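Here the structure is laid out as structure tokens; the discussion comes afterwards.
We did not get these values from a lab; they are worked out from the coordinates using the rules stated. Bear in mind the structure is a predicted one, so any value in this text is a computation, not a measurement. Note that we place each Cβ from the backbone using ideal geometry, even for glycine, and neighbour counts take in every protein chain shown.
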Amino acid sequence: MLVASNRGPVSYAVGEGGSLNAKRGGGGLVSGLSAIGADADALWVCSALSDGDREAVRRGVGEDGVRMLDIPADVHADAYNGIANSVLWFVHHMLYQTPLEPVFDAEFRRQWASYETYNRAFAEALAEEAARGAVVVVQDYHLTLVPGMLRELRPDLRIGHFSHTPWAPPEYFRMLPDDVAGQVLRGMLGADRLGFLTQRWADAFTACAEQFAGGLGGTRIGVHGLGADADFLRKRSHQQDVEERMAALREEIGEGRRTIVRVDRTELSKNIVRGLLAYRRLLETHAEWRERVVHVAFAYPSRQDLAVYRDYTAEVQRLAEEINAEYGTPGWTPVVLHVKDDFARSLAAYRLADVALVNPIRDGMNLVAKEVPVISDAGCALVLSREAGAYEELGEDAITVNPYDVTGTAAALHEALSMRPEERAERSKRLAAAATALPPARWFLDQLQALRG
Ligand code: G6P
């Protein structure tokens, strides 16, 4: 069995004296696939992303079962920053808006050629590594052309593709140049089976295939709603480093205050700015919460090669400072914002959460919404966007919001903070049960079985 994804399970940084320090890869894809490590026969093919990764490839350093492809840095940058994250991510999350609509010009064509090269490098590596009749599962929007390319090289393989993002509806997808849209769809349809996180994204893909590619052909579609890994989270969140960070966070929050927690990559689709605006609105309209609540917001840097992400990060920081200047008092900091990635601290915040705020504009699933109820110590209320994939499974016990509606989100925060402790604990329990219904290992095995069957 082979897995292919842009980001792999580890990434390396060159430390002092040239040592290589390994770090766990971030984001939902890596969390979901973490269970593969247990399969001795599996090979995970991924891309070298950092200078440290390239150095690791050169020195032959690496983990068993992982092959990193050292694709030339400029080709990778075009494919990853240019096409995958600036075009395909924006299309599927419907993030283009005036004046940021795409301009598909000669620069785009050059980047698209790199995207093809990059996809071909994966297809060739997979063709080389796969045993006869092996199962290959390709991941996400970075690698949409791989299934079709691989099918040509190796017709004997069972090929799956899984999307960790939403899929754009046809009216939005057709922003892409026709030939590019056709290539993406035909590339995907080279797979025996395509997996999506929710029925909504699967339906959108099917509609695109019907309108722009003459239908699904022989390709089957499946829905697999990745859940949280309860065993791992419960164990990990009670280790010493998490306890230490809880103590530090308690200091920052202050005695006897409620906590609204959010943890995201600093990502446009996560809607962090409107979340802060909603929190400001809460303090403005419900003065009773002043001094009695703290918004703990972790916004970890992501895709900082892109100017629009750097600007967004700066705006998040500016707004947090503004709220603190406007409402803060000597003993109370209304927003505690951290931007340095720290997994143990994220878990500490989850445990302390009274309310979890998950308000993306559009999100394939959103694992944070599933993880917080599982490990919050006293049970948490969940304020959840109806545009997150997780809404399909958690909508009933969450307080749901339209992510664009800032006053509505402020009202939802007030409702969540005001919930009776018993009701909050009960709902949190039901949320946790729904959130862990399909743990990563099962989620992945189901896909393999469906592919083999
Ligand atoms: C999302 C995508 C993943 C990606 C992750 C982190 O979850 O679906 O494919 O790995 O974001 O983003 P990054 O660009 O840092 O890999």
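Some observations on this one:
- Exposure proxy order (Cβ contacts within 10 Å, fewest to most) of Val339, Val146, Val355: Val339, Val355, Val146
- Contact order normalised by residue count of segment 297-372, Cα under 8 Å, 6+ apart, percent: 33 percent
- Net +/- balance of residues flanking Leu226 in space, Cβ distance below 11 Å, scoring K and R +1, D and E -1: -1
- When you restrict to C-alpha pairs under 8 Å that are six or more residues apart and normalise by the size of the chain, the relative contact order lands at 14 percent.
- Amide hydrogen neighbours beyond the local backbone of Thr400, cut-off 5 Å, H modeled: Leu384
- Look at the dipole of segment 96-154 built from charges on Cβ: of Phe122, Gly148, Gly133, the Cα furthest out on the positive end belongs to Gly133.
- The calculated FRET efficiency for Met175 paired with Gln449, based on their beta-carbon distance and R0 = 41 Å, is about 0.70.
- For segment 40-168, the relative contact order comes to 24 percent (Cα pairs under 8 Å, sequence separation of at least 6).
- Interchain or long-range residues, amide H under 5 Å from Thr436's placed H: Ala228
- Peptide packing: for 325-331, 368-374, the average count of neighbouring Cβ atoms within 10 Å per residue gives the ranking 368-374, 325-331, highest mean first.
- For the chain, calculated [θ]222 nm from helices alone, where every DSSP H run of n ≥ 4 adds -39500 (n - 2.57): -13500 deg cm²/dmol
- Relative to the current alpha-carbon distance between Glu415 and Asp377, full extension at 0.36 nm per residue lengthens the span by 11.7 nm.
- Potential lengthening between Glu315 and Asp156 on full extension [0.36 nm per residue; Cα-Cα distance subtracted]: 52.2 nm
- Among Lys270, Lys429, sorting on how many other beta-carbon atoms sit within 10 Å of each Cβ, with the fewest leading, yields Lys429, Lys270.
- Summarising the amide proton neighbourhood of Ile221: residues at separation of 5 or more, or on other chains, whose placed amide H is nearer than 5 Å comprise Leu194.
- Where both bridge residues fall in the chain, DSSP classifies roughly 10% of the beta bridges as antiparallel.
- Using only side-chain charges placed at the Cβ, +1 for Lys and Arg and -1 for Asp and Glu, the dipole size of segment 300-453 relative to its Cα centre rounds to 460 debye.
- Net length gained if the chain between Arg132 and Ala40 were fully extended (0.36 nm per residue, minus Cα distance): 31.4 nm
- Charge dipole (debye, nearest 20) of segment 8-150; +1 at Cβ of Lys and Arg, -1 at Cβ of Asp and Glu: 80 debye
- Of Ala113, Leu2, Leu88, farthest towards positive along the dipole that unit charges on Lys, Arg, Asp, Glu beta carbons give segment 1-152: Leu2
- Centroid-to-centroid separation of segment 132-179 and segment 398-412 [C-alpha atoms, Å]: 35 Å
- Counting only Cβ charges, +1 for Lys and Arg and -1 for Asp and Glu, the dipole size of the chain around its Cα centre is about 560 debye.
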